Amino acid sequence: MKSHLKIKRIYADYSSSDGYWVLVDRLWPRGISKEKARLDEWNKDIAPSQETRKHFNHEDDKWEWFQKTYLKELKSNTTFVLEFLDRIKNKKQVTLLYGAKNPDHNQTVVLREFLERKMDKLQ
């Protein structure tokens with residue numbers, strides 16, 4: 001199944017091809033007004049915990065640790081994950097938004113892969 005989940009930095013411009021915009025950060029991104037964000041949803045419940053986020057601190061050498069820790073959090077957070085999947089299952093396109101500077105080492109990379117596996121199992 002082709003994924004309908006894509007990743008984008010919240011500071012990038014909105015495009016109509018982005019579909020449903022979801023911020024998956026616990027903190028509101030600096031310098032972005034609520035109007036400019038154009039969010040359909042701000043989902044803090046499936047974002048990494050405060051402790052995990054602070055320990056990772058977007059340091060590349062902690063990436064492997066972050067992936068494992070965040071995956072554990074997602075697996076133990078099944079109610080929020082299933083509720084989110086239920087909300088997005090019929091959307092043509094969903095864009096998971098992040099505020100971090102690194103496009104390869106942020107929570108949306110882990111989350112998208114996790115959600116794609118979950119969606120495949122639910123099919």
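Summary table
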{"item": "First in the stretch 80-105 and over 27 Å from E59 (Cβ atoms), second anywhere and among the hydroxyl-bearing types (S, T, Y), Cβ under 6 Å, 6 or more apart", "result": "K91/Y20; V94/Y20"}
{"item": "Residue list for the stretch 1-57, filter: closer than 26 Å to K68 by Cβ, surrounded by fewer than 17 Cβ atoms within 10 Å (Cβ to Cβ) and over 11 Å from the mean Cα position of the chain (by Cα)", "result": "M1, S3, L27, P29, S49, Q50, E51, K54, H55, N57"}
{"item": "Some residue of the stretch 72-79 being under 20 Å from H4 (Cα atoms), surrounded by 14 or more Cβ atoms within 10 Å (Cβ to Cβ) and at pLDDT 95 or above", "result": "yes"}
{"item": "Hits in the stretch 95-109 - residues which are of a type in the set (A, V, I, L, M) and out of contact with any Ser or Thr (no Cβ under 9 Å at 6 or more places or on another chain)", "result": "V109"}
{"item": "Enumeration of residues in the stretch 96-123 that are exposed (fewer than 12 other Cβ atoms within 10 Å of the Cβ) and either among the charged types (D, E, K, R) or under 24 Å from S15 (Cβ atoms) (or both)", "result": "K101, D104, R117, D120, K121"}
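The values are calculated or read from the model by the stated rules, or taken from the named source; none is laboratory data. Being a predicted model, the structure only gives us computed values, none of them experimental. Don't worry about glycine lacking a Cβ; one is built from the backbone with ideal geometry, like all the others, and counts go over all protein chains shown.
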